[in-house]
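Heads up: the structure comes next, in structure tokens.
Read-outs: derived from the displayed coordinates by stated rules, not from any lab. Predicted, not measured: the structure shown is a model, and the values here were computed from it. Here the Cβ positions follow ideal geometry from the backbone for every residue, glycine too, while neighbour counts run over all protein chains shown.
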Amino acid sequence: MLELVIISTLNGVLYGMLLFLMASGLTLIFSMMGVLNFAHASFYMLGAFFGYQISKFTGFWIGLVAAPVVVGGIGALVERYGLRNVHRHGHVPELLFTFGLAYVIEEVVQMVWGKLPVDYRVPAVLDFPAFTVFGTNYPAYKLFMLAISVAIFLALLAVLTRTRVGLIIQAALTHPNMVAMLGHDVPKVFMLVFGVGTGLAAVAGVIAGPALVTQANMAGLLGPILFVVVVVGGLGSLTGAFAASLLIGLVQTFAISLDVSVASVFRAVGIDATPSEGVLGDLWNVTIAQVGPIIPYLLLVLVLIARPTGLLGNREA
Amino acid sequence: MSDLADIAPSGTLAQQAGSRPSIRPRGAGIVAQVLPWLLAAAILVAAPLVFTSGTALTMMSLMGIMVVFALSYNMLLGQTGLLSFGHAVYYGLGAFFTVHAMNVVALNRLPLPLPLMPVVGGLAGLAFGIVFGAISTRRAGTVFAMISLGIAELVSSGSNILRSFFGGEEGITANRTKMLRLFDLSFGPQIQVYYLIAAWCLICAVAMYAITRTPLGRLCNAVRENPERVEFLGYEPQAIRIAAFCLSALFAGVAGSLAAINFEIANSAYLGVHQSGVVLLAAFIGGIGTFVGPVVGAVVVTLLQVSLSDLTEVWQLYFGLLFIAIVMFAPGGIAGLALMHGPLIRAGTAHRLLPAYLLALGPLLVMLAGAIALIEMAFRMLVRAGDGTEMSLIGIPLDAAHILPWIVAGAMAVGGGLALRAVLPRVTAAWHEASAAAKEKLA
């Protein structure tokens, strides 16, 4: 039991930090431009595939730096030539634009790299077990992922709260017109935030690629979870996104390792009820591990009903 | 959500022009109102006589289903300003309940004919619409969109757990010929199913149009524009949103039911996020600012889905690019673009646009041809490399391994794009001139 708790906590925190790498960019973009970027997970996927492609020629480490830069550049171009033009039509067309973009990026990735997973490997330097708990080897690469995400989180925090650029960004979040009056180029700030946000998603993609599966459906799998994170945490709130990332990371990881159903609980206390047929029987026998994937969405619906601003948000979505 | 009004600048123009005939006596208005529906009915009846092939019949059946689905979606997005990412939930549940109902009827030999089955789907959609609508319509905007996404994921994941009802990955099948027969109709042949779908499509379209003309329909528009003022008038915006939501779920259920009858199967893909995306694309490509928009969108999208997938394997990419182009350049959709010209045609100044349009058409076609050639060659090189590099585009043989086709295609795409940009100011100038002349004539 202790083994399960320790390993699941480690994995849950790791998954949560990865989610936060993406959610931070998404929530910053939302609070600036008021648009939920549907294609954010697609930039994460682009990061993974670019990282894979670059690592084939130059090795993992250059890919780790180059792929996010390239993806961030693409993101900035999308903002400059796509989103900014749609902006004048209102928020719904903006959301729909990113929706279409996600669709196109998935098709392009499928066209270039195919539908099957690509062979994106952990670099040899990090391909060893870091430590052993209860007979289970914990890979060093996972610790490296954790270190990178924490480092980026701290750097982001420092930039936003301690530097001039960070102050301008924070001011532009709430009072874009006032910031423009003071002579700052607000559209350029938007472009910068969009580029950096998509770049951060790409970092998550590059480091998650070798550990998870790098495949053309990875954006579709992760995208909805990402929305759950930023909406549950509270749109526009970085601390909220952080809390929700960890919460969902831990909940999902623990759910996967719990093979418990209503039937098994009853059996444990000595009541051996025969599973009935039909829908009731399905519910009787379903395990928590099977329900795991829908817990975040249940959380999303419940939180939004009870508190439309999210857990820590102060503005309504 | 007030920005939805900006999507349809055409609507205001059309309304200005359309408000004039209302001064006329009522009798003429009724004829003018019934005529389009008679025309639609005539088209639905005559279509299988013109397009007699089996594929055409299948495609027209799909179009009928999609028209109902897209119109029901537009009750939310276009009329009430609620952007939903989970409308397929009600479509899928309608389909599943219909399939189960068909099996029950066939098993117990109940005296119920097949043409009544869409009622079951509609009731199922309505029931779930009431449940999910009550919890999701308190807010419009992003909160509503996110809750709809959450519910969609919940239901589609839930369908994998409740296997005895949803049938797991294979889905649930039914046999539409095992029902009570009326007038000796077996509904075995596709032509009979087509007329069943066409009849329901017309009924639903008339009903949905009628709803837009009721006080409720007007209140929906008011809630879309300014919920706060609606509250001041003494109405509850949430109650109006729930009503719109339930009605739209009802018609989505009917559409799902028709799909279940057409395919004789319901599976989890019916409720999926992908299906919700397709209906959103269809409604928006057609145009959400007008009632006919989603009809146009449903027809175009079904046509593209069926015919493009025969022509090219990367049709979904073209589909996505078309959607982005519509969002960026024509947020009123195809119908919005066409209806923009209504006042000009009525004023008789539309012909002044023709030279400018023809001038722009050339570069546009060149640019598209270049871009399509680039995409197809890249697809051949990257995905179909095993088939060799020799290929043909619209009958022109070429070798994608050579540099020449790439240069030609690239030059066409870039050159066409630059030429289009150079011509566009003349198109806008012609547009302003024609609309100014139209205003003068109408004034």
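Between the DSSP loop rule and a limit of at most 11 other Cβ atoms within 10 Å, which chymotrypsin sites (Phe, Trp or Tyr not before Pro) in the range B:165-269 are left? Mind showing how you got there, number by number?
Numbers: sites: B:165, B:166, B:183, B:187, B:194, B:195, B:200, B:209, B:232, B:235, B:245, B:251, B:263; in loops: B:183, B:187, B:235.
When the chymotrypsin sites (Phe, Trp or Tyr not before Pro) of the range B:165-269 are filtered for loop state and at most 11 Cβ neighbours within 10 Å, B:183 remain.
How many partner chain Cβ atoms sit within 10 Å of a residue's Cβ in peptide B:87-99, on average, as a whole number? Please report the intermediate quantities before stating the final value.
Working: counts 0, 0, 0, 0, 0, 0, 0, 0, 0, 0, 0, 0, 0.
Mean partner-chain Cβ count within 10 Å for B:87-99: 0.
Return the average number of partner chain Cβ atoms within 10 angstrom of each residue Cβ along peptide B:157-166.
Values: counts 8, 6, 0, 4, 10, 7, 5, 7, 3, 2.
The mean count of partner-chain Cβ atoms within 10 Å per residue comes to 5.
Quick check on the range A:2-216: take the gyration tensor over C-alpha atoms, sort the square-rooted eigenvalues as a ≥ b ≥ c, and tell me if it's rounded (a/c under 1.5), prolate or oblate.
Working: a/c = 2.19, a/b = 1.53, b/c = 1.43.
Because a/c hits 1.5 or more and a/b exceeds b/c, the range A:2-216 counts as prolate.
Order these by the 10 Å Cβ neighbour count, fewest first: B:220, B:201, B:246.
By the 10 Å Cβ count, ascending: B:246, B:201, B:220.
From a point 7 Å beyond the Cα of residue B:52 in the direction of its Cβ, which residues of the range B:180-224 have a backbone N at a distance under 17 Å?
Within reach of a label on residue B:52: B:190-192.
Taking chain A as a Gaussian network, where each spring joins two C-alpha atoms under 10 Å apart, which residue of A:264, A:245, A:237 fluctuates the most?
Top of the fluctuation ranking is A:264.
Considering every residue in A:85-97, what mean count of other chain Cβ atoms within 10 Å of its Cβ is obtained? Before the final figure, lay out each step's value.
Working: counts 3, 5, 0, 3, 8, 8, 7, 15, 9, 2, 6, 11, 6.
Mean number of neighbouring Cβ atoms from other chains: 6.
Report for the protein assembly as shown the percent antiparallel among DSSP-assigned beta bridges with both residues inside it, nearest 5. Don't skip to the answer; put the middle values down first.
Values: 11 of 12 bridges.
Of the beta bridges lying entirely in the protein assembly as shown, close to 90 percent run antiparallel.
Cut-off under 22 Å on the C-alpha distance; same-chain residues fewer than 8 positions from residue A:56 excluded. Which lysines are left, in chain and number order?
Here the lysines satisfying the reach criterion relative to residue A:56 are A:115, A:142.
In the P(r) worked out for the protein assembly as shown, what percent of Cα pairs fall beyond 40 Å?
Values: 114388 of 288420 pairs.
Pairs farther apart than 40 Å: 40 percent.
Within the range A:41-105, which trypsin sites (Lys or Arg not before Pro) sit in a loop by DSSP and count at most 15 neighbouring Cβ atoms inside 10 Å? Mind showing how you got there, number by number?
Details: sites: A:56, A:80, A:84, A:88; in loops: A:88.
Sites meeting the loop and neighbour criteria: A:88.
Return the calculated 222 nm mean residue ellipticity for chain A, to the nearest 500 deg cm²/dmol, obtained by summing -39500 (n - 2.57) across DSSP H runs with n ≥ 4 and dividing by the residue count. Walk me through the numbers on the way to the answer.
Values: 15 runs with 230 residues, N = 317.
For chain A, the value works out to -24000 deg cm²/dmol.
Please identify the longest segment of chain B free of exposed GluC sites (Glu not before Pro), where exposed means a DSSP state other than H, G, I, E or B and no more than 12 other Cβ atoms within 10 Å. Each step should come with its number before you reach the end.
Numbers: sites that count: B:169, B:170.
Within chain B, the longest run free of exposed GluC sites (Glu not before Pro) spans B:171-443.
Is the shape of the range A:1-113 rounded, prolate or oblate, going by the alpha carbon gyration tensor and its root eigenvalues a ≥ b ≥ c, with a/c under 1.5 for rounded and a/b larger than b/c for prolate?
On the way: a/c = 2.31, a/b = 1.38, b/c = 1.68.
In terms of gyration-tensor shape, oblate.
Using a Gaussian network for chain A with springs between C-alpha atoms less than 10 Å apart, which of these wobbles most: A:72, A:16, A:114?
Taking springs between Cα atoms under 10 Å, the residue moving most is A:114.
Return the distance in nm (one decimal) between the two label points of a simple spin-label model at residue B:265 and residue A:213, each offset 7 Å from Cα along Cα→Cβ.
2.3
Sort A:297, B:91 so the one with the fewest other Cβ atoms within 10 Å of its own Cβ comes first. Each step should come with its number before you reach the end.
Numbers: A:297 24, B:91 31.
So the ranking, lowest neighbour count to highest, is A:297, B:91.
With r defined as the distance between the Cβ atoms of residue B:233 and residue A:143 and R0 fixed at 56 Å, what FRET efficiency is calculated, to the nearest 0.05? Please list the in-between numbers first.
Numbers: r = 61 Å, r/R0 = 1.09.
So the FRET efficiency works out to roughly 0.35.
Note down the nm distance, to one decimal, between modelled labels 7 Å out along Cα→Cβ at residue B:433 and at residue B:402.
Inter-label distance under the simple model: 4.4 nm.
So what is the 222 nm mean residue ellipticity for chain B from helices alone, if each DSSP H run of at least 4 adds -39500 (n - 2.57) and you divide by all residues, rounding to the nearest 500 deg cm²/dmol?
Numbers: 19 runs with 323 residues, N = 443.
Taken over chain B, the calculation gives -24500 deg cm²/dmol.
Using unit Cβ charges (K, R positive; D, E negative) and no other charged atoms, how large, in debye to the nearest 20, is the dipole of the range A:2-216 about its Cα centre?
Values: 10 positive and 8 negative charges, 81 e Å.
The calculated dipole for the range A:2-216 is roughly 380 debye.
Sorting B:364, A:14, B:418 on the 10 Å Cβ count, fewest up front, what's the list? Don't skip to the end; give the middle numbers.
Values: B:364 16, A:14 19, B:418 12.
Ranking B:364, A:14, B:418 by Cβ neighbours within 10 Å, fewest first, gives B:418, B:364, A:14.
Using the basic label-point model (7 angstrom from Cα toward the beta carbon), what is the residue B:199 to residue B:109 distance in nanometres?
Label at residue B:199, label at residue B:109, 2.5 nm between them.
Between the helical axis of A:2-33 and the dominant principal axis of chain A, each derived from Cα atoms, what acute angle in degrees is found, rounded to the nearest 10?
30
Classify chain B as rounded, prolate or oblate from the Cα gyration tensor: take a ≥ b ≥ c as the square roots of its eigenvalues, call it rounded if a/c is under 1.5, otherwise prolate when a/b beats b/c and oblate if not. Don't jump to the answer; show the numbers that get you there.
Details: a/c = 1.64, a/b = 1.16, b/c = 1.42.
Verdict is oblate for chain B.
So which helices of chain B fit the span-like rule, where a helix is a whole DSSP H run, its Cα atoms reach 24 Å or more along the axis, and its mean Kyte-Doolittle is at least 0.5? Don't jump to the answer; show the numbers that get you there.
Values: long enough: B:26-50 (36 Å, 1.78); B:54-74 (30 Å, 1.41); B:88-108 (30 Å, 1.18); B:117-136 (28 Å, 1.88); B:141-161 (30 Å, 1.22); B:190-213 (34 Å, 1.37); B:237-263 (39 Å, 1.44); B:293-311 (26 Å, 1.61); B:354-382 (41 Å, 1.84); B:404-442 (54 Å, 0.69).
Those that clear 24 Å and a mean of 0.5 are B:26-50, B:54-74, B:88-108, B:117-136, B:141-161, B:190-213, B:237-263, B:293-311, B:354-382, B:404-442.
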